[in-house]
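Written out below as structure tokens is the structure these notes cover.
None of the figures in this text is laboratory data; all of them are computed from the coordinates on show. Predicted model only: the values in this text are computed from it and were never measured. For neighbour counting, all protein chains shown are included, and Cβ atoms are generated from backbone atoms with ideal geometry for every residue, glycine included.
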Amino acid sequence: MEAMGYKNITKVYEKASQGKLLKRRDNGVWTLDSFALNVLTYMAANTYDYPNPTGNEYRPSRYYDGGWKKIAKSFGLLSYDAALAEQVGDETLAKQRENTARTRISRTWAQLIEMGLIRRYKGAYLGENAGYLLMIGDEEENADIIENAREILQ
């Protein structure tokens, strides 16, 4: 899927500038959660803008169902050094990297849900990825996004 949501990316950065992507460190200092920002930006880049400029009746705006593996591959989370693979074993290392990436991205999605920046629309089911709506607009836009997804994905 080619990147298409440049207006969505602008909305993500608006949310970041409003402090919506902050996390508290162990020392009590609030800081930007850069991994959450990267995940949300990736999702925004790979969803249709709102309103949908293509008029695509089969794909709702701001709906991501690309799965964790696409994000992990794009971020290089599944890559590893050949020397390390020789020591540990290629298959073992690949499995470890995959498990770590899946866990990290899944936890980030849970944080983004808690922050109110995404909403799980449908759960993963037998080989199908979960689907998430990006709640990066104002209340009216977000309500429109939910309604649009209901109409298209019913």
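A few points about this structure:
- Ranking 100, 115, 58 by how far each Cα lies toward the positive end of the dipole of region 6-153 (charges on Cβ) leaves 100 at the top.
- Taken over region 6-153, the ratio of Cα radius of gyration to 2.2 N^0.38 Å equals 1.16.
- With 23 Å as the limit on Cα-Cα distance, the pairs of 15/69; 15/95; 23/122; 70/95 that go past it are 15/69; 15/95; 23/122.
- For region 9-114, chymotrypsin sites (Phe, Trp or Tyr not before Pro) are listed when DSSP marks them as loop and at most 16 other Cβ atoms sit within 10 Å of their Cβ; the list is 58, 80.
- Of all DSSP bridge pairs formed entirely within region 17-154, close to 90 percent run antiparallel.
- Estimated [θ] at 222 nm from DSSP helical runs (n ≥ 4, -39500 (n - 2.57)) normalised by residues in the chain, nearest 500: -16500 deg cm²/dmol
- Only lysines eight or more places from residue 11 in sequence, or on another chain, were considered; those with a Cα closer than 16 Å are 20.
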